[in-house]
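These notes concern the structure reproduced below.
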Amino acid sequence: MRKLAIGTALSGALALAGVAAPAASAAGTPDLTFSGVTVNNGKPVVIGTGRTVTVPVTYTLTLAKGLVIDQKKNVQLVALYRGSLQSVDNDLGPEAPPVCKQTATTDTTVTESCAEKILVDPQESLHDAADASTWKAAGVFAHHDGTASDDYLHEENAVTVWGNLASVKVQRAARLTVDAAPEPVVKGRTLTVKGKLTRADWESGKYTGYKGQKVVLQFKADGGSYANVKGITSGTGGALSTTMKATGGGTYRFVFAGTGTTGAKTSAGDHVTVK
């Protein structure tokens, strides 16, 4: 697990402005405020092992009327981080500048409604199981200015970060299967329902068994709706297995409510004909 200081923690986010993030602001605190930060519409971010997940972020930005944010010399954005600003364990920044629309003005301030997208590629951005936890949102302001010629070079870089503006859970995606047998089955005979619960392992890039988890078996009679039948616990490798008497035709499925680190999942249904 990598440990980063704030000088490089938000390097991905600041890279879009070409800013080599310094350890502290050299120009004092800029006059702007981030508020109303919402990440992923307030829902957990559930990520598998392959597909890139888009995380929307919205917020309100209030800044001094004379402060110009052009996303070149002056950059503003929201990034996600795990840990603290003094010791960031991991961070995620937007791939493109935020889109902001002016919503109000006063004699001294401008208020804007801003939106951006953070793209999370699990193979590039998530490093270990600890990334399945609560992340925080940080508001970032960066300034870059400089002059360069064959005989002279001067650069000024400054960054200010406001942490803990909002929080969001990042969870591993789960997979859940079901198979009821025999098919068809004679009424009154024993029916065996098996399945498997697995979840994304970002270190190996595979789905691995999730043992010791409560999963509910549901049944929907032909023409009816799903109802809980019984709860079972996943075994070695995430294996699920239970038996019951076949009373009539219908569809079986497993439902996993999720945990703090793993997203909820419902299996596809498996229909059984009863003779």
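For the range 35-68, the candidate set comprises residues that are of a type in the set (S, T, N, Q) and not in a strand (DSSP E or B); within that set, the residue that is surrounded by the fewest Cβ atoms within 10 Å (Cβ to Cβ) is Asn41. Checking each residue in the range 144-192 for being in contact with a Gly (Cβ under 8 Å, 6 or more places away or on another chain) and among the aromatic types (Phe, Trp, Tyr) picks out only Trp162. If you filter the range 150-167 down to residues that are in a strand (DSSP E or B) and touching a Leu at 6+ places or on another chain (Cβ under 7 Å), you find that the one that is surrounded by the most Cβ atoms within 10 Å (Cβ to Cβ) is Val159.
Report yes if Thr147 is surrounded by fewer than 16 Cβ atoms within 10 Å (Cβ to Cβ), polar (S, T, N, Q), over 30 Å from Thr54 (Cβ atoms) and touching a His at 6+ places or on another chain (Cβ under 9 Å), otherwise no. In short, yes. Restricting the range 254-275 to residues that are surrounded by 14 or more Cβ atoms within 10 Å (Cβ to Cβ) and in a loop (DSSP other than H, G, I, E, B) leaves a set whose member that is farthest from the chain's Cα centre (by Cα) is Gly269. Quick one: which of Gly212, Gly223, Gly237 is without any contact (Cβ under 8 Å) to a residue 60 or more places away in the chain, farther than 28 Å from Arg51 by Cα and outside any strand (DSSP E or B)? Matching residue, one of Gly212, Gly223, Gly237: Gly223. One residue alone among Ala142, Ala104, Ala115, Ala138 is buried (at least 20 other Cβ atoms within 10 Å of the Cβ), at pLDDT 95 or above and in a strand (DSSP E or B), and that residue is Ala138. Among all positions in the range 154-172, there is at least one residue which is in contact with a Lys or Arg (Cβ under 6 Å, 6 or more places away or on another chain) and either free of Cβ contacts under 8 Å to residues at least 12 places away in the same chain or under 25 Å from Gly269 (Cα atoms) (or both). Each residue in the range 223-253 was checked for being closer than 17 Å to Lys187 by Cβ, surrounded by 17 or more Cβ atoms within 10 Å (Cβ to Cβ) and not small (Gly, Ala, Ser), and 2 pass. Residue-level analysis places Gln71 among those that are surrounded by fewer than 16 Cβ atoms within 10 Å (Cβ to Cβ), in a loop (DSSP other than H, G, I, E, B) and modelled with pLDDT under 95.
The values are calculated or read from the model by the stated rules, or taken from the named source; none is laboratory data. Since this is a predicted model, take the numbers as computed values, not measurements. No Cβ is skipped: glycine too gets one built from the backbone with ideal geometry, and neighbour counts run over all protein chains shown.
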